[in-house]
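Take a look at the structure set out below.
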Amino acid sequence: MSKRILGGLGLLLGAGLYAGNALAVEPGDPERGQAAAATCTACHQANGSGMNVPKGESWPRLAGLDAGYIEKQLHDFKAGRRQNASMMPFANMLNEQQIADVAAYYSQMPVTPAGGGESASEAELTRGEQLANRGDWDQYIVSCKSCHGPGGTGVGSDFPGIASQHAGYIRTQLHAWKNDERSNDPQNLMGAIAKRMSDDDIEAVAAWYASQTVSAEGEE
Ligand code: HEC
Ligand code: HEC
């Protein structure tokens with residue numbers, strides 16, 4: 001056999017193994033997900049709303065996030081690609097099937113309102129809206145909307161919805177990227193953007209997205 005044919009066989013075998021693995025996990029089931037999520041409610045709440053914690057660590061809203069995005073984040077916590085002391089033990093408790101199930105469970109919940117935008121000034125919200133929808137070419141900041149979608153409601157599994165997400169959570173994530181503490185995004189798209197943002201810009205855009213409401217059909 002020529003090397004090329006062997007190479008082709010290797011690819012086929014590889015593809016077969018991959019399909020075999022995928023078959024072992026059934027599509028996520030929201031009912032099983034609810035059972036697997038029993039321990040999650042302490043922080044993410046029974047309705048998936050999470051909580052903005054002004055002086056502490058905010059718990060992100062999971063309700064209405066894309067299932068594929070939730071799965072990716074749980075795999076990343078489990079593998080240590082994304083690090084957080086509060087969250088990692090809980091990701092470690094889930095097997096592959098439970099990850100698919102909790103993702104299905106939270107993704108079908110309606111988006112809940114977010115906290116942390118209430119005390120923002122008019123000027124801050126105006127600046128936040130500018131960064132979100134138009135970016136700032138003087139600082140080479142692309143609009144958030146160009147990836148996170150119009151209204152910030154997310155695009156597919158790669159670009160999560162950030163509208164109606166807690167300001168405290170958005171802020172910590174932007175600082176984490178800025179300080180190279182979060183890097184589970186293969187192309188480091190967020191790292192490049194966060195490093196160009198001042199702390200004031202981070203506050204402004206976090207407050208603006210937190211104060212956006214999302215209609216029932218707004219996120220998938
Ligand atoms: C002790 C509190 C706590 C518990 C319990 C908890 N989490 Fe979390 N979770 C967090 C925190 C804090 C973060 C944000 C981590 C960070 O800043 O990177 C988070 C982040 C996440 C994310 C990423 C969200 C995003 O938008 O990127 C997912 C998904 C998630 N948790 C799912 C779960 C699931 C499923 C469970 C239950 C099996 C669970 N969590 C239990 C605190 C908790
Ligand atoms: C070039 C594309 C791109 C642009 C522009 C962009 N993002 Fe992102 N963003 C991403 C990707 C990709 C992820 C998911 C990272 C991952 O997979 O962990 C993300 C994730 C996030 C998250 C984490 C959400 C969560 O639930 O964990 C926040 C917060 C965020 N972006 C805020 C912003 C803000 C604010 C802006 C504008 C200043 C912005 N992004 C602009 C690509 C982009």
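The values are calculated or read from the model by the stated rules, or taken from the named source; none is laboratory data. As the structure is a computational prediction, the values presented were derived from the model and not from experiment. For neighbour counting, all protein chains shown are included, and Cβ atoms are generated from backbone atoms with ideal geometry for every residue, glycine included.
When you look at Gln139, is it in contact with a Phe, Trp or Tyr (Cβ under 7 Å, 6 or more places away or on another chain) and of a type outside the set (Ser, Thr, Tyr), yes or no? No; evaluated as a whole, the condition is false for this residue. Could you tell me how many of the residues in the range 178-211 are of a type outside the set (Val, Ile, Thr) and crowded, with 22+ Cβ neighbours inside 10 Å? Selection size over the range 178-211: 7.
Report, by residue number, each residue of the range 88-100 that is touching a residue at least 40 places away in the same chain (Cβ under 8 Å) and assigned to a loop (DSSP other than H, G, I, E, B). Result: Met93, Leu94.
Thr172: at pLDDT 95 or above, outside any helix (DSSP H, G or I), outside the structural domain of Val53 (by TED's automatic domain parsing) and of a type outside the set (Asp, Glu), yes or no? No. Considered as a group, the residues in the range 153-170 that are without any contact (Cβ under 8 Å) to a residue 60 or more places away in the chain and under 16 Å from Glu203 (Cα atoms) include one that is farthest from ligand 1 (Cβ to nearest atom), and that residue is Ala163. Of the residues making up the range 176-197, not a single one is part of a helix (DSSP H, G or I), under 16 Å from Asn52 (Cβ atoms) and at pLDDT 95 or above.
Restricted to the range 60-83, and to residues that are of a type in the set (A, V, I, L, M, F, W, C) and not in a loop (DSSP other than H, G, I, E, B), which residue is farthest from Tyr169 (Cα to Cα)? Checked the range 60-83; the qualifying residue farthest from Tyr169 (Cα to Cα) is Ala79. Put simply, of Ala79, Ala103, Ala85, Ala123 the only residue that is of a type in the set (A, V, I, L, M) and in contact (Cβ under 8 Å) with a residue 24 or more places away in the chain is Ala103. When the residues of the range 134-162 are narrowed to those that are in a loop (DSSP other than H, G, I, E, B) and touching a Gly at 6+ places or on another chain (Cβ under 6 Å), which ends up surrounded by the most Cβ atoms within 10 Å (Cβ to Cβ)? Among those residues, the one meeting the criterion is Ile162.
In the range 118-133, the count of residues that are surrounded by fewer than 18 Cβ atoms within 10 Å (Cβ to Cβ), part of a loop (DSSP other than H, G, I, E, B) and within 16 Å of ligand 1 (Cβ to nearest atom) is zero.
The residues in the range 68-87 that are near ligand 1 (Cβ under 10 Å from one of its atoms) and small (Gly, Ala, Ser) can be counted, and the count is 2. Filter the range 171-193 down to the residues that are under 23 Å from Ser119 (Cβ atoms) and more than 15 Å from ligand 1 (Cβ to nearest atom) and list them by number. Within the range 171-193, no residue meets the criteria.
Matching residues to (1) within 16 Å of ligand 2 (Cβ to nearest atom); (2) modelled with pLDDT of 95 or more; (3) of a type in the set (Gly, Ala, Ser):
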position	(1), (2), (3)
Gln97	no, yes, no
Ala100	no, yes, yes
Gly117	yes, yes, yes
Glu122	no, yes, no
